[in-house]
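Nothing in this text is a laboratory measurement; each read-out follows from the coordinates by a stated rule. Quick caveat, the model's predicted, so the values are computed rather than measured. Reconstructed Cβ throughout: ideal geometry from the backbone, glycine too, with neighbour counts over all protein chains shown.
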């Protein structure tokens, strides 16, 4: 515990930034979220589960399955899902399918800018094991090495019904207090960062983009 | 089509010309004459549309072949101009002054095949691959599978089948393989 607390006070190196930029960016590590109390947290989880706001960022071909969700036939607003334009307002990051290295860099940046508690839904087999792009030079194979993933939705591509099932499963997990992606990311920050930096070779942003 | 072929032969003594269809032909020319021919085709012969530039890596003969595909809206014909470049030091004359979009093609070719186009704007900026430090990925001696396994943490348990053998096994399990 003591060790962990010391670590959370360490500063990040921000080696990717130029010297004159370092003062402009934050160098604090991500902080873990401490639950408030059993009943308060239960109420908060109920509220969180019923207002899942999606970051409107289609990262791969799977994003095409998000459009029908918004239409009258599937109508995702019934479940409290709504697309939001910026990471600061969003709570759920939907990774839509294959992820190239260039996109991953933007995804990491967006994920870190989202306010906690935040959840990641990865849809499509590409995020699980690379899918049909498993031997490509430019797409990652498994997303959980770079971001903490709460729900995987299989399929290539999953139908909107599968997405709805995935969102409902996510709601159950939130209500049961089983989604701890934010703390997982903060606790294993060095491991995630090492994996990310292994493939994003021109790391020219702060280590933690808060 | 025959008309433009005759003109090309008369004017530039270019042969052989491969006629693929009655509205499509390909010629191979020397790389230094390409801007000449392109300019003439664009300004005099109505080949105003550059459809694409593409590269093929011929590992066996140590060459990289560039194809400039032109389209003529008046006669609805396509003409492909081909250039062979040395594979070890591929360098080509830039033609970005003829069509603006050539810049983008040349940036992409530079990144994916390592072809140099001296004087082309923004050539050294990264295009799709940021911070790439291997040999260009579209070269045929680049092993994309080996690179992927080395880099992207493959999830264990993936199984692949040869579709032909797999269906044979599944449909006719009693039959032995002929030898």
Checklist outcome for this item: Taking alpha-carbon centroids only, the range A:124-163 lies from the range A:24-83 a number of Å equal to 19 Å
Item to check | Expected 222 nm ellipticity per residue - DSSP helices of 4 or more, -39500 (n - 2.57), all of the protein assembly as shown, to 500 | outcome: -9500 deg cm²/dmol
Checklist entry - Can you give the % of DSSP beta bridges in the range B:1-147 that are antiparallel, to the nearest 5? => result 75 percent
Checklist entry - For helix B:34-44, what angle does its Cα long axis make with the longest principal axis of chain B, in degrees from 0 to 90 and rounded to 10? => result 60 degrees
Item to check | For the range B:40-101, radius of gyration divided by Kirkwood radius, i.e. Rg to Rh on alpha-carbons | outcome: 1.04
Item to check | GNM result for chain A, Cα springs below 10 Å: residue of A:56, A:80, A:130 fluctuating most strongly | outcome: A:80
Checklist entry - For chain B, what value does the Rg/Rh ratio take when both radii are computed over Cα atoms and Rh is the Kirkwood radius, given to two decimals? => result 1.13
Checklist entry - Over the range A:1-100, what lengths in whole Å, largest first, do the semi-axes of the equivalent ellipsoid take, defined as the square roots of 5 times the eigenvalues of the alpha-carbon gyration tensor? => result 33, 24, 11
Checklist entry - With axes computed from alpha carbons, what is the tilt in degrees of helix B:2-12 against the longest principal axis of chain B, rounded to the nearest 10 within 0 to 90? => result 70 degrees
Checklist entry - For B:146-152, what's the mean count of beta carbons from other chains sitting within 10 Å of each residue's beta carbon? => result 6
Checklist entry - What ranking, highest mean first, results for peptides B:108-121, B:49-62, B:91-104, A:15-28 when packing means the other Cβ atoms within 10 Å averaged over each residue? => result B:108-121, B:91-104, B:49-62, A:15-28
Checklist outcome for this item: Checking A:13, A:72, A:63 against a Gaussian network model of chain A (alpha-carbon springs below 10 Å), the top fluctuating residue turns out to be A:72
Checklist outcome for this item: Across the alpha-carbon set of the protein assembly as shown, Rg over Rh with Rh taken as the Kirkwood radius works out to 1.08
Next on the checklist: Sorted from largest to smallest, which semi-axis lengths in Å does the alpha carbon gyration tensor of chain A give for its equivalent ellipsoid, taking the root of 5 times each eigenvalue?
Outcome noted: 28, 23, 15
